[in-house]
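Chemist: Shown below is the structure under consideration.
The values are calculated or read from the model by the stated rules, or taken from the named source; none is laboratory data. In this text the structure is predicted, and so the values were computed from the model without any measurement. With ideal geometry, Cβ positions are generated from the backbone for all residues, glycine too; neighbour counts draw on all protein chains shown. Only protein heavy atoms, including side chains, enter the accessible area calculation; ligands, DNA and RNA are left aside. Shrake-Rupley method; radii C 1.70, N 1.55, O 1.52, S 1.80 Å.
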Amino acid sequence: MRAPLVNFRRLQVAAPWPLVWTVTFFLLLARLVVFLVGIAVTAVRHWRAWPAVALVLLAVDVYRSHGWWPHLLVLIVVAASAGVWWWRSRESFERLVVLRGLSWWRRLWVYRRQWHEVMSLCGLVKKYDGGEKLPELLSVRCTYATDEVVLRMPRGQNPEAYHKAARDLAYSFGTRHCRVFSGRRQAAPARSGSFAWLLRRVDAIRFRDRPRQVWLVLIRRDPLTRVVKPLPVPARPDFTALPLGLREDLAVYCLRLLATHVLIGGATRMGKGSVIWSLLRSLAAGIRSGLVRVWAIDPKGGMELSIGRPLFSRYVDDDWTRMADMLDDAVVRMRARQRVLRGKVRVHTPTVDEPLIVIVIDELATLLAFLPDSDIRNRITQSLGMLLSQGAGLGVLVVAATQDPRKEVVSVRDFFPTRIALGLTERGHVDLLLGDGARDRGALADQIPLSAKGVAYVLLDGQPEPARVRISFISDDVIREMAATFPAPVEVQPEPADTPTPAPAPVKARSNGNGRHTYRPTPPKQAAPLLPPSLLHALDLDATPNGGDPR
């Protein structure tokens, strides 16, 4: 009989079975604990699904006990209640029922269903340890125009990857525009009342900074294709939130004017006047009460601003010297306030006695680059430099518009903290106006068509990504009505100075050869003859070459 290849008897070891069963039990127990913890985490993460699950279980139990009649009765009651709710408070019904149902549907059918495919084809999936790391879809919030998709980036990514893939994401999800934001778009609400301290602590957790979260705003329906009508005039202007137009999410775009200067850039006929008149409309009540004083300069001879002349406390459109004098007066007013407020406050609070002074300049490039008189141009540049560098906190603000934002044309461009980019002619002008990288972050101002006058890109507070807005259109009739309804109080304007008498001819020093200088006045220049001497001699009427009568 042949011997076996392996002698198993020599390998037999007495196994400690109690130890083996004990280790196996604890391993299974650890696996069970991990499984239960995973279920608990999933349940907590999807806490919003609890009511739906409970409702489904209750419906199944009622159907098994009583049939489908209770369901029909409940459906009739719910439909009647919804109809009454919609009739009595349509806005709250749409916000709490219609839009939430739309958000739930688009989250499941549009985004969750094709999330893996879209993220992979757009190059947003990371490879790690033989597997894939996908951006995690957190929530979807819908409005009538936009879908706000919140996702969590995998490790190893930053928001720049989503800025570059914005157009691919938009077309992949069936839209044409996608805005990418690296910070939360809504600020924490202001709490008041008995439980405000508790709600503020909850908001501190809810609205804390989450660097790995990215907000994608996909535009389903562009609300900015229609002209925005003039907004109502506020009873008292809020200088931190002046309504100018609408945003893509149908929210009102409000401009912060307090303690800042505004530069408006855009090509010809792209809506710079709409921004100026919309701003003046939001300030109209303050203009009439004397809380705001608007000083206007229109280098284009009054073609833009003269129609609303009663709104302005001071106005110049035809004299370069008076324009320079106005800016010099603004500097004097600013320095006087500086002496009064020094050591007391850092930001001026407008009052009727010390109003907010807003200097509106329709075409800034004319004053800084194309003015023929170099002396007046230098005066204007120096005055604007003083106002832009020191006047924001003192309530002397500059709102200027320009067609060319290049530094060689608008030398004081960097002193404007707030900038609005309308339709521009060149790709590079976008970054010049809104800052480096603004176009890569979504500010496609050079692609705004001529039919979209008033559409602009702006930077909102706390967000590095530009937002797309449309400024309200103010027609000539509305401007005339506004000027008649909200005229500015009378302010005495200094009369233009008389033209100075030309100084006498300068005295020059001449040397007489022995080191001494003899001062003699320079003889006045005589007018040059209109004809050369030969022709003058030929046309001399007093004498002729042969002594005869003159011809």
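Chemist: Could you work out [θ]222 nm for the chain from helices alone, using -39500 (n - 2.57) per DSSP H run of at least four and dividing by all its residues? Round to the nearest 500 deg cm²/dmol.
Modeler: Here the helix-only value at 222 nm equals -11000 deg cm²/dmol.
Chemist: In a shell of Cβ-Cβ distance under 15 Å around residue 71, excluding residue 71 itself, what net charge do Lys and Arg (+1) and Asp and Glu (-1) give?
Modeler: On the way: positive: 64; negative: 61.
Overall, the nearby charge balance is 0.
Chemist: Here are some pairs, 272/300; 164/407; 272/453; 229/300; 164/453; which of them have Cα atoms lying more than 20 Å apart in this structure? Before the final figure, lay out the partial values.
Modeler: Numbers: 272/300 14 Å; 164/407 28 Å; 272/453 9 Å; 229/300 27 Å; 164/453 27 Å.
In this structure, 164/407; 229/300; 164/453 exceed 20 Å between Cα atoms.
Chemist: Using 0.36 nm per residue of separation minus the Cα-Cα distance, give me the extension gain between residue 340 and residue 113 in nm, one decimal.
Modeler: Working: separation 227, 0.36 × 227 = 81.72 nm, distance 6.48 nm.
Result for the pair: 75.2 nm of gain on full extension.
Chemist: Oh, and also: If I model a spin label at residue 128 and residue 347 as a point 7 Å from the Cα along the Cα→Cβ vector, what separation in nanometres do I get?
Modeler: 4.2 nm
Chemist: Over the heavy atoms of residue 465, what accessible area does a 1.4 Å probe trace out, to the nearest 10 Å²?
Modeler: Result for residue 465: roughly 0 Å² accessible.
Chemist: Taking a temperature of 20 °C and a viscosity of 1.002 mPa s, what whole-number D in µm²/s does Stokes-Einstein yield for the chain with Rh from Kirkwood over alpha carbon pairs?
Modeler: Working: Rh = 30.5 Å.
It diffuses with D of about 70 µm²/s by this estimate.
Chemist: Using a 7 Å offset from the Cα along the Cα-to-Cβ direction at both residue 54 and residue 251, what is the distance between the two label points in nm, to one decimal?
Modeler: My value for the distance between the label points is 3.2 nm.
Chemist: What does the charge dipole of segment 176-250 about its Cα centre add up to, to the nearest 20 debye, if the Cβ of each Lys and Arg holds +1 and the Cβ of each Asp and Glu holds -1? Numbers along the way, then the final one.
Modeler: Working: 17 positive and 6 negative charges, 55 e Å.
Value, rounded to 20: 260 debye.
Chemist: Run the dipole for the chain about the Cα centre, Lys and Arg Cβ at +1, Asp and Glu Cβ at -1, nothing else charged, and hand back the magnitude in debye, nearest 20.
Modeler: Computed charge dipole of the chain: roughly 3400 debye.
Chemist: Computed over the Cα atoms of segment 329-407, what is the convex hull's projected area averaged over all directions, in nm²? Don't skip to the answer; put the middle values down first.
Modeler: Values: hull surface 23.6 nm².
Dividing the Cα hull surface by four gives the mean projection, 5.9 nm².
Chemist: Suppose R0 equals 56 Å. What FRET efficiency, 1/(1 + (r/R0)^6) with r the Cβ-Cβ distance, do residue 229 and residue 19 give to the nearest 0.05? Let's see the in-between values first.
Modeler: Values: r = 83 Å, r/R0 = 1.48.
With R0 = 56 Å, the Cβ-Cβ based efficiency is 0.10.
Chemist: Along the charge dipole of the chain, which of 67, 452, 143 sits closest to the positive end, that is, farthest toward it, with unit charges on the beta carbon of Lys, Arg, Asp and Glu (+1, +1, -1, -1)?
Modeler: 67
Chemist: Viscosity 1.306 mPa s, temperature 10 °C: give me the Stokes-Einstein translational D for segment 52-97 in µm²/s, with Rh taken as the Kirkwood radius over C-alpha pairs. Please report the intermediate quantities before stating the final value.
Modeler: On the way: Rh = 12.1 Å.
It diffuses with D of about 132 µm²/s by this estimate.
Chemist: Starting from the Kirkwood Rh over alpha-carbon pairs, what translational D in µm² s⁻¹ does segment 268-385 have by Stokes-Einstein at 25 °C and 0.890 mPa s? It would help to have the intermediate numbers written out before the result.
Modeler: Working: Rh = 15.4 Å.
Roughly 160 µm²/s, to the nearest whole number.
Chemist: Given H placed on each backbone N at 1.01 Å, which residues far from residue 312 in sequence or on other chains put an amide H within less than 5 Å of it?
Modeler: Placed amide hydrogens put 488 under 5 Å from residue 312.
Chemist: If you take the square roots of the eigenvalues of the alpha-carbon gyration tensor of segment 134-254 and sort them as a ≥ b ≥ c, do you get rounded (a/c under 1.5), prolate (a/b over b/c) or oblate? Could you put the intermediate results ahead of the total?
Modeler: Values: a/c = 2.43, a/b = 1.13, b/c = 2.16.
Since a/c reaches 1.5 but b/c is at least a/b, the shape of segment 134-254 is classed as oblate.
Chemist: Place a label point 7 angstrom from the Cα of residue 389 along the Cα-to-Cβ direction, then list the residues of segment 236-265 whose backbone nitrogen is under 16 Å away.
Modeler: none
Chemist: Show me 20-27, 453-460, 250-257, 227-234 ranked by packing, highest mean number of other Cβ atoms within 10 Å first. It would help to have the intermediate numbers written out before the result.
Modeler: Working: 20-27: 10.1, 453-460: 23.4, 250-257: 17.9, 227-234: 15.4.
The packing order, highest mean first, is 453-460, 250-257, 227-234, 20-27.
Chemist: Of 267, 341, 438, whose Cα points farthest to the positive end of the dipole of the chain (charges on the beta-carbon: +1 Lys, Arg; -1 Asp, Glu; origin at the Cα centre)?
Modeler: 438
Chemist: Moving on. Let me check I've understood the local charge: for residue 144, count other residues with C-beta under 11 angstrom from its C-beta, Lys and Arg +1, Asp and Glu -1. What total comes out? Write down the numbers at each step before the final one.
Modeler: Values: positive: 95, 220, 221; negative: 94, 147, 249.
It works out to a net charge of 0.
Chemist: Another question, then. With r defined as the distance between the Cβ atoms of residue 82 and residue 39 and R0 fixed at 45 Å, what FRET efficiency is calculated, to the nearest 0.05? Mind dumping the intermediate values first?
Modeler: On the way: r = 34 Å, r/R0 = 0.77.
That pair, residue 82 with residue 39, gives E of 0.85.
Chemist: Quote the accessible area belonging to residue 133 in square angstrom, nearest 10, computed with a 1.4 Å probe and with ligands, DNA and RNA left uncounted.
Modeler: That residue has around 100 Å² of solvent-accessible surface.
Chemist: Now for a different question. With an 8 Å cut-off on Cα pairs and a minimum separation of 6 or more residues, tell me the relative contact order of the chain in percent. Write out the running numbers ahead of the final one.
Modeler: Working: 787 pairs, mean separation 70.4, N = 551.
Dividing the mean separation by the residue count of the chain yields 13 percent.
Chemist: Amide H neighbours of residue 138 under 5 Å, counting only residues 5+ apart in sequence or on other chains, H built in-plane at 1.01 Å?
Modeler: Residues meeting the criterion, in which the H sits 1.01 Å from N, are 150, 151, 152.
Chemist: If I model a spin label as a point 7 Å beyond the Cα along the Cα-Cβ vector, how far apart are those points for residue 463 and residue 104 in nm?
Modeler: Result for the modelled spin labels: 2.8 nm.
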